[in-house]
Amino acid sequence: PHASGRAYGRLEYATELFDHTTAVSFTDRYVQVLRQVIADSGVRLGEVDVLTDAERNRLARLNETAEPVPGATLPRLITMQATRSPDATAVVAGRTVLSYRQLNARAGRLAGLLRARGVGPETVVAVALPRSADLVVAQLGVLKAG
């Protein structure tokens, strides 16, 4: 820090990895973060904003993807998709890849087993699995059971 309360720095970067504009944008973001932390030392790191207004506006435009959705439940939507494109990829989890046909069939079998054990509407079902294709199948199976 300088006596006037200012700080100075120097940017060094690998030119074979970054062009000048990208390197300067890293510096600009760093300064932006520093200014926010200096202005409010109690700010949580997750609340620090690193986007420029232009980037935020661009993301807002990109996220304007609203499409009308049929008034159907998730299990019904999955079944409809399995009918339309049964071999399309529905789930990718590590090395496991399930098509909509496979996802719908596995979830349907599980739903049948759950219903046979008394699961239906308003029944609470706990699912405790690691993030996996089986977790998706189980959650969909519970929904299909009611």
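Some points to look at:
- Of (i) 16.2; (ii) 15.4; (iii) 20.5, the label for Kirkwood radius over Cα pairs in Å derived from the coordinates: (iii)
- Separation in nanometres of the label points that stand 7 Å from Cα toward Cβ, at residue 84 and residue 131: 2.7
- Computed on the range 42-146, with alpha-carbon pairs under 8 angstrom and 6+ residues apart, the relative contact order is 24 percent.
- Nonlocal amide H pairs with residue 91, under 5 Å, H built at 1.01 Å: 98
- At R0 = 25 Å, FRET efficiency that the Cβ-Cβ distance of residue 96 and residue 12 yields, to 0.05: 0.05
- Placing unit charges on the Cβ atoms only, positive for Lys and Arg and negative for Asp and Glu, gives the range 90-146 a dipole magnitude near 180 debye about its Cα centre.
- Once the Cα atoms are used to define both axes, helix 20-39 deviates from the longest principal axis of the chain by about 90 degrees.
- Distance from the C-alpha centroid of the range 28-52 to that of the range 104-131: 45 Å, rounded to the whole angstrom.
- The chain: calculated mean residue ellipticity at 222 nm from DSSP helix runs of at least 4, using -39500 (n - 2.57): -15500 deg cm²/dmol
- Of 44, 76, 95, the order by accessible heavy-atom surface (1.4 Å probe, DNA, RNA and ligands excluded), from most exposed downward, is 95, 44, 76.
- Calculated FRET efficiency for the pair residue 61/residue 32, C-beta based, R₀ 22 Å, to 0.05: 0.55
The values are calculated or read from the model by the stated rules, or taken from the named source; none is laboratory data. Please read these numbers as outputs of a predicted model, since none were measured by experiment. A quick note on method: Cβ atoms are made from the backbone with ideal geometry, for glycine too, and the neighbour counts reach across all protein chains shown. Protein only, heavy atoms only, side chains kept; ligands, DNA and RNA dropped before computing areas. Shrake-Rupley method; radii C 1.70, N 1.55, O 1.52, S 1.80 Å.
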